1. Show the residue pairs meeting these rules: Cβ distance below 8 Å; 6+ apart or different chains; first residue within region 86-100 and surrounded by fewer than 14 Cβ atoms within 10 Å (Cβ to Cβ); second residue assigned to a loop (DSSP other than H, G, I, E, B).
2. Could you please tell me which pairs satisfy a Cβ distance under 9 Å, a separation of 6+ or placement on different chains, a first residue in region 119-130 that is free of Cβ contacts under 8 Å to residues at least 12 places away in the same chain, and a second residue that is in a strand (DSSP E or B)?
3. List pairs: first in region 330-350 and in a helix (DSSP H, G or I), second open to solvent by 80 Å² or more (accessible area, probe 1.4 Å) and at pLDDT 95 or above, Cβ under 8 Å, 6+ apart or cross-chain?
4. Could you list, in sequence order, all residues of region 380-414 that are in contact (Cβ under 8 Å) with a residue 12 or more places away in the chain, part of a helix (DSSP H, G or I) and under 17 Å from I307 (Cα atoms)?
5. Checking the conditions here, which among S210, S190 is over 18 Å from T246 (Cβ atoms) and either small (G, A, S) or crowded, with 19+ Cβ neighbours inside 10 Å (or both)?
6. Only one of these conditions is not met by A57: (1) open to solvent by 10 Å² or more (accessible area, probe 1.4 Å); (2) modelled with pLDDT under 95. Which number is it?
7. Might you check whether a residue that is surrounded by 15 or more Cβ atoms within 10 Å (Cβ to Cβ), among the hydrophobic types (A, V, I, L, M, F, W, C) and under 26 Å from A407 (Cβ atoms) occurs anywhere in region 285-297?
Amino acid sequence: MEDNNRNTDMILLLDDYSRESELLHTSFKLSGIDCRAIVTEPDGFLPEDAVSVYELATGSDISLNCSKPMPRCFYQVDVPEFWEISSTGNMGKVHELNRERARIYYAEPRHKRMVRLVEWLDDNGVVRLSEQYNKYGNIFAKTIYNSKGEKVNRTFFTPSGKEVIHENHVTGSIILTQNGIDSVYRDKTSFITDVLVKSGYKDSRYFINSLSYPFFCELRLKSDRSDDVLFWQEDERPDVPGNMETIIENKSGIGRIIVQKEAAFERLCDMAGERYNFEKLGFVYPFKKENTHGKNILICTNSDQIIHLEDLIKELPDINFHVAAITEMSSELMRLDDHKNVKLYPGAKQKTFDRLFMECDIYLDINRYDEIVDAVFNAFLHDHMMFAFKEVAHKPSLICNDTKYAADDWMKMAADIRKAADDKEVSERMCRMQKQNALAQTPESFKRAVCEN
């Protein structure tokens, strides 16, 4: 751990690197706000400009090993001879004959099937060991479980395989070993706080997105200043969280709470009343293009269960439907190729999806089962007008209420699609409303809200 007097002015302290965390980090970068992104949970797939506390603690990237610079694909997991590895688009499994022995979880984007975590099962199907992989294809942490499937301890390794951090999930203690010397911490908050202090970040200004470890550490690091900021990214809830009450009562170093979802903002304002002045601010989204008001619809699917697809195809004969899947398509779906306004893309590669997102201007979120290629979010970033059936919507928060329909109201969806496709002013208004619904910010507005208040 590097012990110096360095003071980075702004620290973005994130609980984990979720989609919301990534968007917040991206918003800071696109707005030109200089900050250091630090994640309190270990993650082997962080971008190059973010670091976990566990990496800071060792003074090096514990997930780095140049001997295998590529992520490990699901079929490259080491298993005993004659054991079988299989995979769907979302996860993999290991079997010994008919007995399930392991589950393989993928990093995003999941369709690339890059191994993030492998859970090994005992004869009763209980998880007894998990192995955490990184973007270099190596195991950098292992977790042991008891017979009830409860975590007992987790060990982190250097690239050479040396144990460097031991985390006891029963007592909560953490042991950091460096240069033959053990540093013992009674809990995770103490560990993170000490790492931040020894890394030169004691007097930094903190921007946090969680009332868990980032907030606990901020409480211990707080000075007489109250210029730290909480970005609240949760959905609306029926009460004000207890830790948030601590902020409202001025018992922390956090002087501002910025809420990043409309419904949550309205709810918190109602509950807190005049006791606190919440602020509302969304993200600077990394949009890829502007809507060109064309008549091309995109649907990404992993099944042939697409609600009212053929009805919509027949109702909108002058609009082109592009249906893409990672896997091969069923005969039920393939027969739609008989329609002149339909083009199918079975077994599509990433470059095909990339091209379709660029060429299309309308996205239909109407397929059952799991989403592929993060389709709705990608459609949003490509400024598609998005329409969805409420019963199957994968990311409803990104889609305006006016363009979400009950499945039996497909005729209304078709009519609205036609209006948008035929009238540029209508489509422009819909795209504008969609961005407003997602609280999209310009780099200038985001920087002004964060830095000038």
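1. Cβ pairs passing all conditions: E96/P80; E96/F82; E96/W83; R99/D123; E100/G125.
2. none
3. Hits for this filter: D337/K343.
4. T403, A407, W410, M411, M413, A414
5. On the way: S210 fails: over 18 Å from T246 (Cβ atoms).
Checking each option against the conditions leaves just S190.
6. (1)
7. yes
Let's see how each residue does on (1) open to solvent by 20 Å² or more (accessible area, probe 1.4 Å); (2) under 29 Å from L23 (Cα atoms); (3) in contact with a Lys or Arg (Cβ under 7 Å, 6 or more places away or on another chain); (4) at pLDDT 95 or above:
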residue: M386; (1), (2), (3), (4): no, yes, no, yes
residue: V392; (1), (2), (3), (4): no, yes, yes, yes
residue: I399; (1), (2), (3), (4): no, yes, no, yes
residue: K404; (1), (2), (3), (4): yes, yes, yes, yes
residue: D408; (1), (2), (3), (4): yes, no, no, yes
residue: M411; (1), (2), (3), (4): yes, no, no, yes
residue: D423; (1), (2), (3), (4): yes, no, no, yes
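The values are calculated or read from the model by the stated rules, or taken from the named source; none is laboratory data. Owing to the predicted nature of the structure, the values given are computational and were not obtained by experimental measurement. Cβ atoms come from the backbone with ideal geometry, glycine included; neighbour counts cover every protein chain shown. Only protein heavy atoms, including side chains, enter the accessible area calculation; ligands, DNA and RNA are left aside. Shrake-Rupley method; radii C 1.70, N 1.55, O 1.52, S 1.80 Å.
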